[in-house]
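Undergrad: One structure, pasted below without further comment.
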Amino acid sequence: MALPIYASPLQRAWYYGFRTICTLIFLFLIVPILVILPLSFNAEDFFTFTPEMLRFDPEGYSLKHYRDFFSNSDWQNAVVNSLRIAPMATFLSVSFGTLAAIGLSQPHVPFRRAIMAILISPMIVPLIISAAGMYFFYSRIGLQGTYWGVVMAHAALGIPFVIITVTATLVGFDNSLTRAAANMGAGPVRTFFRIQMPLILPGVISGGLFAFITSFDEVVVVLFVGSAGQKTLPWQMFTGLREQISPTILAVATILIAISIALLTVVELLRRRSERLRGMSPG
């Protein structure tokens with residue numbers, strides 16, 4: 001929004017000062033990430049800019065690290081493991097999180113605030129504490145070091161994101177639609193899939209995308225709960241930094257940044273669609 005011509009000097013100072021502060025914070029957050037992008041094309045096995053790169057010499061740039069990522073069996077196995085774990089964890093997060101959000105949106109549910117606080121606690125509790133707790137719990141029930149153990153652990157981390165996004169979508173939901181469907185003979189399941197789901201779908205998909213990103217990028221919990229057979233892509237990156245110092249990590253990080261930007265763009269488009277469906281913004 002443009003600054004009006006009748007604004008006072010104090011309003012003008014706040015207007016430009018606020019935008020300057022936001023710009024500095026944005027640069028503080030983004031610049032370290034942007035440094036990774038050109039380094040991933042380094043022709044040498046270094047984590048720093050070479051003289052050739054600083055001179056923009058074409059010989060200082062190469063796709064060797066990307067070729068190593070797509071040809072190295074260790075990296076490809078890690079990708080396969082991540083793609084096996086993240087979708088299933090996302091499915092469980094979306095299923096349980098959506099049902100929990102719908103249940104907690106009902107005014108007659110007792111202790112709603114306490115239940116909500118417990119369900120979103122994985123977002124608040126330090127991840128190392130959650131990982132240690134999951135390790136001791138899963139080791140007692142025989143899930144430690146198994147595929148389903150990692151999936152359930154990641155699902156527990158993703159459920160809070162689904163609950164928050166679906167609950168936000170349900171704020172503007174008209175409950176008279178479900179009552180009208182019930183009066184016309186529709187059962188609860190049919191009412192959910194034909195009435196509620198189309199309206200809350202943007203929130204469900206947004207929460208699912210956040211849950212997928214959480215599972216795909218998570219490394220602390222999988223180090224505690226997983227085994228060598230569940231070595232995911234972030235785990236392989238952690239190993240590369242600790243043992244091999246492989247510059248292929250830079251190429252992988254660049255690919256993950258591109259994927260994250262694409263997913264966040266989808267989330268923003270879904271948010272705008274949700275606002276249009278609820279009449280909160282012009283079409």
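The values are calculated or read from the model by the stated rules, or taken from the named source; none is laboratory data. Predicted model only: the values in this text are computed from it and were never measured. In this analysis, Cβ positions are derived from the backbone assuming ideal geometry, glycine residues included, and neighbour counts consider all displayed protein chains.
Undergrad: How many residues are touching a Ser or Thr at 6+ places or on another chain (Cβ under 8 Å), farther than 21 Å from L269 by Cα and among the hydroxyl-bearing types (S, T, Y) when one looks only at the stretch 156-210?
TA: Qualifying residue count, the stretch 156-210: 2.
Undergrad: Tell me, yes or no, whether the stretch 47-61 has at least one residue that is among the hydrophobic types (A, V, I, L, M, F, W, C), touching a residue at least 60 places away in the same chain (Cβ under 8 Å) and out of contact with any Pro (no Cβ under 6 Å at 6 or more places or on another chain). Give the steps one after another, and end with the answer.
TA: Taking the stretch 47-61 first, the residues among the hydrophobic types (A, V, I, L, M, F, W, C) are 47, 49, 53-54, 56.
Still in the running and touching a residue at least 60 places away in the same chain (Cβ under 8 Å): 47.
From what is left, the residues that are out of contact with any Pro (no Cβ under 6 Å at 6 or more places or on another chain) are 47.
Looking through the stretch 47-61, at least one residue is among the hydrophobic types (A, V, I, L, M, F, W, C), touching a residue at least 60 places away in the same chain (Cβ under 8 Å) and out of contact with any Pro (no Cβ under 6 Å at 6 or more places or on another chain).
Undergrad: May I pose another question? Within 30 Å of S130 (Cβ to Cβ) and either of a type outside the set (S, T, Y) or surrounded by fewer than 18 Cβ atoms within 10 Å (Cβ to Cβ) (or both): does that describe P202? Show your work before the answer.
TA: Details: within 30 Å of S130 (Cβ to Cβ): yes; either of a type outside the set (S, T, Y) or surrounded by fewer than 18 Cβ atoms within 10 Å (Cβ to Cβ) (or both): yes.
Judged against the criteria, P202 is a match.
Undergrad: Tally up the residues in the stretch 240-250 that are buried (at least 16 other Cβ atoms within 10 Å of the Cβ) and either under 26 Å from S227 (Cβ atoms) or at pLDDT below 80 (or both), please.
TA: 4
Undergrad: Taking interchain pairs and intrachain pairs at least six residues apart, which have beta carbon atoms under 7 angstrom, with the first residue in the stretch 256-270 and under 14 Å from G203 (Cα atoms) and the second in a helix (DSSP H, G or I) and polar (S, T, N, Q)?
TA: Here the result reads V267/S206; L270/S206, each pair linking the stretch 256-270 to a residue that is in a helix (DSSP H, G or I) and polar (S, T, N, Q).
Undergrad: Looking at (1) closer than 14 Å to V166 by Cβ; (2) surrounded by fewer than 16 Cβ atoms within 10 Å (Cβ to Cβ); (3) in contact (Cβ under 8 Å) with a residue 40 or more places away in the chain, which one does L127 not meet, given that it meets all the others?
TA: Every condition holds for L127 apart from (1).
Undergrad: Being in contact (Cβ under 8 Å) with a residue 24 or more places away in the chain and polar (S, T, N, Q) is the filter here, so list the residues in the stretch 162-198 that pass it.
TA: Hits for the stretch 162-198 are T165, T167, T169, Q196.
Undergrad: Does the stretch 251-279 hold any residues that are within 12 Å of L209 (Cα to Cα) and at pLDDT 85 or above, and which are they?
TA: Of everything in the stretch 251-279, those that are within 12 Å of L209 (Cα to Cα) and at pLDDT 85 or above turn out to be I259, I261, A262, T265.
Undergrad: Being at pLDDT 90 or above, surrounded by fewer than 23 Cβ atoms within 10 Å (Cβ to Cβ) and not in a helix (DSSP H, G or I) is the filter here, so list the residues in the stretch 220-233 that pass it.
TA: none
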